[in-house]
Amino acid sequence: MLTPLQQQLLQVRATLPQDVELVAVSKFHPVEALQEAYDAGQRIFGESRVQELEQKRPLMPADTRWHFIGHLQANKVKYIAPYVELIHAVDSLKLLVEIDRQAARCGRIIHCLLQVHVAQENTKYGFLPNELFDFLEKGEWRALSNTCLAGLMCMATNTDNEQQIRQEFHQAKSLFEQVKVRYFSKVPTFSQCSWGMSDDYPIAIEEGSTLIRVGSKIFGERHY
Ligand SMILES: *Cc1c(COP(=O)(O)O)cnc(C)c1O
């Protein structure tokens, strides 16, 4: 018998094209809920607070794959560096350098996505398009051997206007393609487009997402 949570999870998964991966965003949900999702086959979980991730990780099976999806402070990278599989929201050289430093200490290579700011909200983090190209052009990132830039991440504006959301994802995809051609044409690992959340992931998939981050649609409302 499937639990309601498992039914929701499988319902979301059933709609995904084969080349789109699901990050189950489990922030603010108890580890029992994560275990239910795990038991229904989910392996990638997204958390946005280091302390919460640190508490949950030892309670979950060892093959759980942890993605950090939120804003990450440089001074907290050391806690998650030993195990984190993908950091979604890198938006400064300083943060990338620290991830690289901590990954080196662990003998790992940590995959990272660059967060781009395409939404019409000034509260959201991320590189503006011109800042993204400046960052890539300056090239300090090329010297970092324990991080691997694996793609872009964005969040659309929180709005009911579907056209606007679509246009923002479209802009992110266009940025991805320009960056790929200019800087990563020979780098197959630069391949991920992380966009789409509970309310907008169907649009995100139509606009080229390869990695969706879905929380409340699976786990229900969050209790802060
Ligand atoms: C919370 C969060 C999500 C998931 O949001 P839902 O609307 O619950 O699907 C996705 N991405 C980021 C960066 C988040 O912080």
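The values are calculated or read from the model by the stated rules, or taken from the named source; none is laboratory data. What you see is a predicted model; the values in this text were computed from it and never measured. For neighbour counting, all protein chains shown are included, and Cβ atoms are generated from backbone atoms with ideal geometry for every residue, glycine included. Keep in mind that these areas ignore ligands, DNA and RNA; they rest on the heavy atoms of the full protein, side chains included. Shrake-Rupley method; radii C 1.70, N 1.55, O 1.52, S 1.80 Å.
When the chain is treated as a Gaussian network with alpha carbon springs shorter than 10 Å, the biggest mean-square fluctuation among Ser145, Ser194, Ser92 belongs to Ser145.
Comparing Pro202, Pro30, Pro58 in a Gaussian network model of the chain (Cα springs below 10 Å), the most mobile by mean-square fluctuation is Pro58. The portion of the accessible surface of the stretch 1-144 made up by carbon and sulfur, rounded to a whole percent, is 50 (1.4 Å probe; DNA, RNA and ligands excluded). Take every Cα pair under 8 Å whose residues are at least 6 apart in sequence, average their separation, divide by the length of the chain, and the relative contact order is 21 percent.
Using a/c under 1.5 as the rounded threshold, could you call the stretch 68-206 rounded, prolate or oblate? The axes a ≥ b ≥ c are square roots of the C-alpha gyration tensor eigenvalues, and prolate needs a/b larger than b/c, oblate otherwise.
Values: a/c = 1.92, a/b = 1.53, b/c = 1.25.
Prolate is the answer for the stretch 68-206, as a/c is 1.5 or above and a/b outweighs b/c.
Loop-resident trypsin sites (Lys or Arg not before Pro) (DSSP state other than H, G, I, E or B) in the stretch 169-224 with no more than 12 further Cβ atoms inside 10 Å of their Cβ: Lys186, Arg222. Solvent-accessible surface of the stretch 1-146, taken per residue with a 1.4 Å probe and all protein chains present: 50 Å². Extension gain, Asp63 to Asp199: 0.36 nm times the residue separation minus the Cα-Cα distance gives 46.1 nm.
Which helices pass in the chain if a helix is a full DSSP H run, must span at least 24 angstrom along its long axis by Cα, and must have mean Kyte-Doolittle hydropathy not below -1.0? Working shown, then result.
Values: long enough: 162-183 (31 Å, -1.18).
The answer is none, since no helix passes both cut-offs.
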